[in-house]
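Worksheet for the structure shown next.
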Amino acid sequence: MKRIGVGFAGAVALILAALPAQAAVLSFEGLGTTFVPDGYGGFAWDTFYAESPSDYIFDDPAEVPPPNALYNLLPYPYIGSVAINRGGGAASLTRDTAFTFVGTDLMAAHNDGLEVTVTGLRDGLQKYTDTLTLDTSGPTAFDANWTDIDTLIFAAAGGVPNSRYTDISSTLFGLDQLEYTSSSVAHAPLPAAAWFLVTALGGLAGAGALRRRSSAQVVARDGSGQ
C-alpha cells in the first residue's frame, strides 16, 4: 500500500507541475494619466507613465498630437491606454518573486528606427537581452518567453523623426499588453484526460489495498500466519 500510495502521490504531483500557469496581461486601463503606481500587476514601476485616451481628443486623425505614444500605438479613435517611458530615458519594472516575461507590444512615439533594448535580470544578474527596432507606423510584438527573472529594463536610443514630427525628436516609446506568468498565478484546471489518469491511479491504489486486505483475511482464517 505504501509503495502504491507514494507512486500515486508522485504521479499527481508530476501532472500538476506539468500544467502551465495562466498568463496575466497588463493593459494599463483605468489608471488615468499618471506614473504607473507600484503594486500594479504586482510590480514596482520606475519611470513608466500611463497615458489615457480620454486626455487627448482630435477631430481629425491627421492632426499632429502632443508628444506621447498613445496616438501612434492605438488606432484612431483611441480604444485604450498605454505606458510610456516618461522623459525618454530607461524605464523598468521589478517583482519580489520570479516571473516569466511572455511578451509585450512596443511602438515608437516620434522616431522611426528607434532601438529599444530590453533586458531581463534575476537577482541583479543579466539573464536575457534583446534589441528591437521600432517605428511610428504600428506596434511591434515582442515574443520573449523569458523565464525565472525578477526585473525588466527598457532603454531606447536613436532613430530619426517621422515626417509628421519634423520639430520633435524623442526616444519615447509606448508599451501595452504586457503578458507574464508567475508562481503565484493559479494553475489552469486539469484537462479531462489528466483527471482520468488521476482517477485511474487512485483506482489502482484502492484495488491493491483491497487485495492485500483480502489476502490478510485468508491467512488469518487458515491460521497460516501463526
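The values are calculated or read from the model by the stated rules, or taken from the named source; none is laboratory data. In this text the structure is predicted, and so the values were computed from the model without any measurement. Here Cβ is always computed from backbone atoms with ideal geometry, including for glycine, and neighbour counts include all displayed protein chains.
Quick check: is even one residue across region 101-124 of a type in the set (Gly, Ala, Ser) and more than 30 Å from Ile168 (Cβ to Cβ)? Walk me through it before giving the result.
Our first condition is that a residue be of a type in the set (Gly, Ala, Ser); within region 101-124, this holds for 103, 108-109, 113, 120, 124.
Retained after the next criterion (residues that are more than 30 Å from Ile168 (Cβ to Cβ)): 120, 124.
Within region 101-124, one or more residues are of a type in the set (Gly, Ala, Ser) and more than 30 Å from Ile168 (Cβ to Cβ).
For Gly30, indicate whether it is of a type in the set (Gly, Ala, Ser), modelled with pLDDT of 55 or more and under 22 Å from Asp148 (Cβ atoms). For Gly30, the condition - of a type in the set (Gly, Ala, Ser), modelled with pLDDT of 55 or more and under 22 Å from Asp148 (Cβ atoms) - is not met. Quick check, is Asp105 within 22 Å of Gln22 (Cβ to Cβ) and touching a Leu at 6+ places or on another chain (Cβ under 9 Å)? So Asp105 fits the description; yes. For Thr133, are the conditions met, namely being crowded, with 20+ Cβ neighbours inside 10 Å, among the hydroxyl-bearing types (Ser, Thr, Tyr), assigned by TED's automatic domain parsing to the domain that holds Gly41 and assigned to a strand (DSSP E or B)? The answer is no for Thr133.
In this structure, does Asp112 turn out to be acidic (Asp, Glu) and closer than 23 Å to Thr181 by Cα? Spelling it out, it is not the case that Asp112 is acidic (Asp, Glu) and closer than 23 Å to Thr181 by Cα. Summed over region 77-117, the residues that are modelled with pLDDT of 95 or more, aliphatic (A, V, I, L, M) and assigned to a loop (DSSP other than H, G, I, E, B) give a count of 1.
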